[in-house]
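One structure is given here, and the rest of the page talks about it.
The values are calculated or read from the model by the stated rules, or taken from the named source; none is laboratory data. Computed from a predicted structure; not experimentally measured. Quick reminder, even Gly has a Cβ in these numbers, built from the backbone with ideal geometry, and neighbours come from all protein chains shown. For the accessible areas, the whole protein counts, side chains as well, though only heavy atoms, and no ligand, DNA or RNA atoms are used. Shrake-Rupley method; radii C 1.70, N 1.55, O 1.52, S 1.80 Å.
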Amino acid sequence: MENIGKIIRTVALIAVGGFLIALVIFNVSGGSTAGEKAWDLRTTIGNHEAKNHFIMYTDLACPYCDVFSRAVMENEEEFQQLIAENDIMVEIRLMDFLYHYGESKPEMSKWSAEATVCATEKDKFWDYYHAGLKALWDDYHSKGIGTSKTAPKIEGMTRDYWVNIGEKVGLDKDEFSTCMDSEETTRTLAERREKTLRSGAQGMPYFVEGKFKQSGFDNTWGWEEAKTFLTAGI
Amino acid sequence: MGFLLYYIVMSEVKKFHKKELKKWKLAFRGISLAMREKRFWVAFVLTFLIFGVVLNLLNSGTAGVNLLFIGGIEGFFRTLWKSLLAVFGIGRNFSDFILTFGILLLQSLLIATIIIVMKHNRDDKIITADEAERAKTGWQNSGLIAGLAILGSGCPTCGTALITPVLGMLFSTGGYAIAGTVSWIITLLAIIVAIFSLRSAGIDAYAGILKVCPNIGGQRLKKNSPTSRTQDEKIID
């Protein structure tokens with residue numbers, strides 16, 4: 001009887017000890033900086049050594065993603081202050097998610113993702129991303145086109161639309177266009193999609209910050225809601 | 001022979017059409033009579049606002065509900081307020097607003113009419129099993145409409161409609177590709193169920209009001225309808 005008690009105590013001690021060790025290991029591995037976890041530092045904004053890592057999985061064909069990004073763009077000063085005060089590094093993971101998994105398979109999803117990958121290669125991610133969002137707003141979203149399931153769809157858009165945005169931000173048109181068609185770009189996007197699916201994303205936008213994971217945004221929301229999402233995982 | 005068959009079919013279609021038209025007329029009259037009661041408008045406004053806020057809150061999938069709890073007290077009320085404004089189209093696309101507004105209108109009319117039917121059943125004190133069953137069905141249908149409308153809401157283009165995770169579970173990533181179509185079918189289904197439930201509730205309201213206050217129904221019938229009350233009762237039955 002005494003032996004059984006000893007065995008139970010030993011097993012319990014081992015279990016508790018194991019649990020504590022696992023906890024330490026988990027915390028150590030989770031303690032790496034945001035920059036180390038990023039897919040690509042060129043698509044991040046904020047301190048690379050930051051404690052908090054806010055990720056936005058997005059697709060330029062997703063109108064609600066654009067609402068979030070525009071809200072941030074229009075409040076850039078406040079946004080910079082917010083991420084500095086809260087030690088956040090923001091990373092944009094842009095891909096052609098909707099072209100592959102969406103219903104209407106919009107080609108603009110594919111073209112814009114290819115173009116963004118190529119702009120990133122030339123260290124022009126932010127210029128291109130902002131120019132792309134602005135162009136979409138000016139040409140379509142501000143006119144109520146392509147903004148929701150009941151709104152008129154974006155029609156007549158060609159691949160050149162995205163090439164021209166590249167040219168506007170100072171990229172060489174031919175080189176940029178060749179890059180968009182390259183196998184390497186296709187491979188990069190395939191890897192991104194696979195990783196995104198593994199992360200649990202089912203739709204765009206998909207926000208991750210620590211334990212906070214949330215899909216979706218609304219077109220009646222703005223900066224206040226974006227701010228709440230940006231700090232939700234801290 | 002062919003002509004005779006055609007004649008029989010056509011006369012049956014005509015009869016059916018006439019009967020259906022009368023049913024719609026009775027339903028419309030029932031709803032109009034129900035609208036005279038204060039209780040109807042209280043139920044209508046409450047349903048419209050509560051269901052409208054819920055529907056708009058779920059337009060972003062689960063993000064709206066989550067936002068209620070992660071933004072503190074201020075965030076909670078701001079999110080509710082924006083959802084309430086969206087009920088009246090503020091911040092929404094006109095096409096999105098019209099669709100949601102239409103569903104909300106049908107749902108609110110239905111619930112308000114059912115409440116009047118139940119009130120008259122209670123006043124009548126003699127409720128048949130059939131009447132009780134019809135009121136129960138009305139409630140069940142209003143629940144079904146609410147569920148369908150909620151499932152059909154969201155942005156299927158972005159894959160954030162509430163139906164998407166369910167489809168993803170059933171069909172893996174292939175499910176995301178049909179989210180938009182399924183969402184539209186569900187929304188249409190909600191509208192169809194709402195229209196037919198409203199017709200049924202309208203007829204019940206007419207019958208109920210007629211039973212409890214025969215003078216109101218009788219006067220209106222004499223004035224506006226070529227049909228006699230007995231004929232109407234036959235249709236109701």
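A few points about this structure:
- Panel note: contact residues of segment B:62-80 (accessible area lowered by at least 30 Å² against the chain on its own; 1.4 Å probe) correspond to B:Ala63, B:Asn66, B:Leu67, B:Ile70, B:Arg78.
- Within chain B: Cβ-based charge dipole about Cα centre, in debye rounded to nearest 20 (Lys, Arg +1; Asp, Glu -1): 960 debye
- Size of segment B:4-107 as Cα extents on the principal axes (Å, biggest first): 73, 34, 21
- When the convex hull of its Cα atoms is viewed from all sides, chain A shows a mean projected area of 16.7 nm².
- Normalised by the number of residues in segment A:34-231, the mean separation of alpha-carbon contacts (under 8 Å, six or more apart) gives a relative contact order of 29 percent.
- Per the Kirkwood formula applied to alpha carbons, segment B:151-210 shows a radius of gyration over Rh ratio, Rg over Rh, of 1.29.
- Residues of type aspartates and glutamates that B:Lys119 reaches as a straight line, Cα spacing below 18 Å, ignoring anything fewer than 8 places off in the same chain: B:Glu37, B:Asp130, B:Glu131, B:Glu133, B:Asp204
- Listed as lacking a disulfide-compatible partner in chain A: no cysteine, by the criterion of no other cysteine Cβ under 4.7 Å.
- Association of chains B and A removes close to 3000 square angstrom of accessible area from solvent, both sides included, for a probe radius of 1.4 Å.
- Of all accessible heavy-atom area on chain B, the percent that carbon and sulfur account for (1.4 Å): 71 percent
- Of the DSSP H helices in chain B, those whose Cα atoms cover at least 18 Å axially and whose Kyte score averages -1.0 or more: B:2-34, B:38-57, B:72-87, B:94-124, B:129-152, B:179-212
- Chain A: DSSP helices with Cα axial extent of at least 20 Å and average Kyte-Doolittle hydropathy no lower than 1.0: A:2-29
- Among A:Thr186, A:Thr178, A:Thr147: highest mean-square fluctuation, GNM of chain A, C-alpha pairs under 10 Å: A:Thr178
- Across segment A:187-234, the convex hull enclosing all Cα atoms gives 86 Å³ per residue.
- Nonpolar atom fraction for segment A:34-231, defined as the carbon and sulfur part of the 1.4 Å probe accessible area, stands at 45 percent.
- Protein heavy-atom accessible surface, 1.4 Å probe, per residue over chain B: 53 Å².
- Cα-centre dipole for the protein assembly as shown with unit charges at Cβ (Lys and Arg positive, Asp and Glu negative), debye to 20: 3420 debye
- Accessible surface for segment A:113-234, divided over its residues, is 45 Å² per residue with a 1.4 Å probe.
- GNM flexibility winner over chain A from A:Val208, A:Val11, A:Val117 (Cα, springs under 10 Å): A:Val11
- Using only alpha-carbon positions in chain B, the gyration tensor eigenvalues give semi-axes of 39, 25, 15 Å once each is multiplied by 5 and square-rooted (largest first).
- Taking only the C-alpha atoms of the protein assembly as shown, the Rg (one decimal) and the largest Cα-Cα distance, Dmax (whole number), read 29.4, 101 Å.
- Here, segment A:136-224 is characterised by an Rg to Rh ratio of 1.03, where Rg is the alpha-carbon radius of gyration and Rh the Kirkwood radius.
- Residue with peak Gaussian network fluctuation, chain B [Cα springs, cutoff 10 Å], from B:Asn59, B:Asn93, B:Asn121: B:Asn93
- When the pairs B:Lys25/B:Lys211; A:Lys168/A:Lys195; A:Lys105/A:Lys153 are compared against a 20 Å limit on Cα-Cα distance, A:Lys168/A:Lys195 fall above it.
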